[in-house]
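See structure below.
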Amino acid sequence: MVRDAFFPVRGDPLNSRPMKSLLRIAAIAVFAAGPYGAAACAAQPAAPERPRARAAPQPTARVPVSDGGTEATDAAGAAKPPADPVPVRPKAAFPPANFAPLHAQSAQEGDGIWVPMGDAAKHENAAQEPRLLYRSVVHPHKVSRFKAVTVVAMDLSRARLNIAEGLDEPVSDAVPKAERTGLIPEAERAHVLAAFNGSWQARHGRYGMMKAGKVYLPPRQDGCTIAIYKDGRVKMGSWPVLAAEVAQMHAWRQAPGCILENGTLHPDFEKRDERRWGGRDPKRKTRRRSAIALDATGGILFYGFGDETNPKELALGLKAAGAHHAAQLDINYYWVRFLIFGRPKPDAPLQVTSTLIPKMEHRKRGYLHQAEPRDFFYVIRHQDGN
């Protein structure tokens, strides 16, 4: 039997015993592959599935946007919320270099010398190091010692400018009183250095203002514009010069034509035409003026207080101190003010503790706890201390 099964024999190969044995084995294999065989295989436990490899994360795509930045999207192209702009802090030598008096005959002791501001005894934020506010005085008239411009220089590499709307000004149908606070936002109060007056009432020219997308008054083409950008930069100039960058701005405020632009005085001064800036009023014995200004780098902000000065003299005083652009802000005794915040005692609430010069009208709790009727600017120290 063994020999027949494994060794061929003579005769018909299909009828041979070895061939019949092979045919029987093939039939059994076909049967196992049929439905009964498949069912038997299915009854066996399945082999464990191998874990699948994780797909590598897709890089974030970026597409251009209109303001020259980029807008983040996910791999499917869906837009993500825009990130806050990276702060830009222009660098300039600070404090500014001392400067020579304009006129020897009217000069007073201390003219052109920068002195730090802030009283540590009053726990004023401005007294903290590094000092970010300095003051100086210049007499712009050839002979008069009564005409003076007191200038404050502020370091924009370590401080930031902002603006607040007043409860009443600028008058606007677009932004009702219910949407105004007239206060420095609570989140910024602990770091506030100073506040100063804003621009003109709406009835005196309707010079424009925008903040955080709200347009209180539309811009005037001839308005001198103070623009605060979303990345913290500050620029100044006539509206047509800055209008193309309005999408990048957090806020802007306008005043009458720039008294100083790119280092050049307004051409109306040569014509002795000062009407747009309030001109001369023979009924007033004393007239105060104020201005905001920038140096050529954009790294130093100036505030100018003019006592008995006309608009041209105010511009000359600021230019002597280092300003390259300047806009005249509010005028007259009651509205012109530059205020510093501190605490008379360590446990006292933050309040106005010093003024730029004596007898500047203000409320001690104004700007922080009592709402102001008119718009104003304020300056805060960067919280990172740099």
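The values are calculated or read from the model by the stated rules, or taken from the named source; none is laboratory data. Keep in mind the model is a prediction, meaning the values are calculated, not measured. Every residue, glycine as well, gets a Cβ built from its backbone with ideal geometry; the counts of neighbours run over all protein chains shown.
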statement: Result of the Cβ filter at 8 Å on segment 331-358, keeping first residues that are part of a loop (DSSP other than H, G, I, E, B) and partners that are surrounded by 15 or more Cβ atoms within 10 Å (Cβ to Cβ) and of a type in the set (Phe, Trp, Tyr), at least 6 apart or interchain, is 336/305; 337/196; 350/341; 356/303; 356/305; 356/338; 357/305
message: So, in segment 283-339, how many residues would count as being surrounded by fewer than 20 Cβ atoms within 10 Å (Cβ to Cβ) and β-branched (Val, Ile, Thr)?
response: 2
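Here is a yes/no grid of residues against (1) free of Cβ contacts under 8 Å to residues at least 40 places away in the same chain; (2) more than 18 Å from residue 303 (Cα to Cα); (3) aromatic (Phe, Trp, Tyr); (4) not in a loop (DSSP other than H, G, I, E, B):
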site	(1), (2), (3), (4)
215	no, yes, no, yes
228	no, no, no, yes
237	no, no, no, yes
240	yes, yes, no, yes
246	yes, yes, no, yes
254	no, no, no, yes
258	no, no, no, no
- prompt: From the list 189, 206, which one is at pLDDT 95 or above, over 23 Å from residue 157 (Cα atoms) and surrounded by fewer than 19 Cβ atoms within 10 Å (Cβ to Cβ)?
  reply: 206
- line: When segment 143-161 is checked residue by residue, the ones that are in a loop (DSSP other than H, G, I, E, B), under 20 Å from the mean Cα position of the chain (by Cα) and hydrophobic (A, V, I, L, M, F, W, C) are 156
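Just checking, which of 140, 170 is in a loop (DSSP other than H, G, I, E, B), under 30 Å from residue 96 (Cα atoms), at pLDDT 95 or above and not aliphatic (A, V, I, L, M)?
Sole residue among the options that is in a loop (DSSP other than H, G, I, E, B), under 30 Å from residue 96 (Cα atoms), at pLDDT 95 or above and not aliphatic (A, V, I, L, M): 140.
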task: From the list 120, 100, pick out the single residue that is modelled with pLDDT of 95 or more, aliphatic (A, V, I, L, M) and in contact with a helix residue (DSSP H, G or I) (Cβ under 6 Å, 6 or more places away or on another chain).
output: 120
